[in-house]
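Colleague: First the structure, then my questions, so here it is.
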Amino acid sequence: MGFFTGDLPDFPWDSLIPARQRAAQYPGGAIDLTIGTPVDPVPAFIQAALGGASDAHAYPATIGSNELRTAIARWLHNHRGVTGTPGILPTIGSKEMVALLPSFLGFGKGDTVAFPRMAYPTYDVGARIAGATPLPLNADADPETWPEGIALLWLNSPGNPDGHVLGIHQLKRIRAWARAHGTIIASDECYAELTWDVPEAPSILDTRVCGTDYRDIFCLYSLSKQSNMAGYRGAFIAGDPERIATLTQLRKHAGFMMPTPIQHAMAVALGDEAHVTAQKETYRLRREALSGVLEAAGLRNDPKSVAGLYLWAEDASGRANGWEIVNACARIGIVVAPGDFYGEAARGRVRISLTATDEAIGEAIRRLPALPGELRHAAAKPRER
Ligand SMILES: Cc1ncc(COP(=O)(O)O)c(C=O)c1O
């Protein structure tokens, strides 16, 4: 008898404490460009919708109110190229579903759960919680190069941290491969509205990818980023109707219900495009401003980082690794996240988040031209971790 301890990795953010302390000593204090948590306000009409639904005396439906289900279906149709009727289920943010889907699907010991080799760590965590085997792979590669026997494959397009986008051609190839190999696909698409250098980041549920046959595929979406609603925990999963029905049953038993006021706020937010366009414009300006100073900072963004909320940068001279860039940035009062947090394959890079106020981004831009001196200093020293 005992509590589950699992085979979970250490929570990596604690390892940034020394860099944070160092950055805090810089005149004017630290600029934090690490975590992708929104800093702009929740639009007033969404806050009003939340408040207006606060007389929530009855238990909410696990499956979601008719209002919310209709709003999700309409949004999938209008924004994600969905023409059929996938199953729909609200989730309490998307992170819990990323962490629990392998377990909900009944995967465990002996099953392989694959995910992009540079990825949000929760795909790996979810595999481990289920007792399954985590497998990082290159989602941009020809699926025929992937190993046999993958039970569940996570996709993440636009990708965190690397900003890569899977186009229709690659999604179709992956879908065909998965059908031939009996693999379930879960596609995490929470950055879908934040595209910069590509016209779109298509959904796995897009008609051009799967027609209206949603067997063994899911897409996850969240309002955390597009509507600054990370604190509301409003998200959903859609796809394979039979499997969504099973997930709904499980979640009914376990009491995973989205609170009524959040359901209403989410439905109202999904019905409005203007606030998403405005927020996207805010991020676009921040991205352009930071990108404009990268070269002077001795850094280079990954040319395939074309969407999402992050720059995915390396030392242009190729000398400093991810942690060395982190430490060099800390010396000029900026905190960025080492690629190491996102997998072995990501060690040479750093993730720079666009979720800082305009003022903070402006100050980072003033400081960054001093980075090359610090990078040279880092490269001259024995390797830091
Ligand atoms: C790739 C990815 N998936 C899921 C999430 C979780 O989002 P939420 O739980 O707020 O919906 C995040 C958050 O940063 C993310 O980057």
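Colleague: Considering the Cα trace of region 233-378, what is its radius of gyration and what is Dmax, both in angstroms?
Modeller: For region 233-378, the Cα-based Rg and Dmax read 20.2, 58 Å.
Colleague: Taking H as built 1.01 Å from N, whose amide H comes closer than 5 Å to the amide H of L137, not counting residues under 5 places away?
Modeller: Residues meeting the amide H criterion: F115, R117.
Colleague: Same structure again: Find the Cα radius of gyration of region 59-271, compare it with 2.2 N^0.38 Å by division, and give the number to two decimals. Please report the intermediate quantities before stating the final value.
Modeller: On the way: Rg = 15.9 Å, N = 213, 2.2 N^0.38 = 16.9 Å.
Ratio of Rg to 2.2 N^0.38 Å for region 59-271: 0.94.
Colleague: Using the Cα atoms as the points, what is the convex hull volume per residue of the chain in Å³? Could you put the intermediate results ahead of the total?
Modeller: Values: hull volume 58.9 nm³, N = 385.
In the chain, the Cα hull volume divided by residue count equals 153 Å³.
Colleague: Considering the dipole of region 271-385 built from charges on the beta carbon (Lys and Arg +1, Asp and Glu -1) around the Cα centre, which of G318, V350, G339 is farthest to its positive end?
Modeller: Result: G318, furthest along the dipole toward the positive end.
Colleague: Let me ask something else. Based on the alpha-carbon gyration tensor of region 305-385 and its eigenvalue square roots a ≥ b ≥ c, which shape applies: rounded if a/c is under 1.5, prolate if not and a/b is larger than b/c, or oblate? Spell out each step's value before the answer.
Modeller: Numbers: a/c = 2.05, a/b = 1.18, b/c = 1.74.
The shape class here is oblate.
Colleague: Here's another thing I want to ask about it. Quick one: grab the alpha carbon gyration tensor of region 1-150, order the square roots of its eigenvalues as a ≥ b ≥ c, and give me rounded if a/c is under 1.5, else prolate or oblate depending on whether a/b is larger than b/c.
Modeller: Oblate.
Colleague: Can you tell which of L105, L194, L166 lies farthest toward the positive end of the dipole of region 59-271, using +1 and -1 charges on the Cβ of basic and acidic side chains (Lys, Arg; Asp, Glu)?
Modeller: Farthest towards the positive end: L105.
Colleague: Sticking with this one: I need the phi-derived Karplus couplings for region 363-370: 6.51 cos²θ - 1.76 cosθ + 1.60, θ = phi - 60°, integer Hz, Gly and Pro marked x.
Modeller: For region 363-370, the Karplus-derived couplings read 5, 4, 5, 5, 7, 4, x, 7 Hz, x marking Gly and Pro.
Colleague: Roughly what % antiparallel, to the nearest 5, for the DSSP beta bridges in the chain?
Modeller: On the way: 22 of 41 bridges.
Approximately 55 percent, going by the DSSP bridge assignments.
Colleague: Pick out which of Y120, Y26, Y59 has the largest mean-square fluctuation in a Gaussian network model of the chain, springs linking Cα atoms closer than 10 Å.
Modeller: Of Y120, Y26, Y59, the Gaussian network model singles out Y59 as fluctuating most.
Colleague: Mind putting a number on the dipole of the chain about its Cα centre? Charges go on the C-beta only, +1 for Lys and Arg and -1 for Asp and Glu, and I need it in Debye to the nearest 20. Walk me through the intermediate numbers first.
Modeller: Working: 37 positive and 41 negative charges, 70 e Å.
Value, rounded to 20: 340 debye.
No lab work stands behind these numbers, since they all come straight from the coordinates. These figures come from a predicted structure and were not determined experimentally. Every residue, glycine among them, receives a Cβ derived from its backbone with ideal geometry; neighbour counts consider all protein chains shown.
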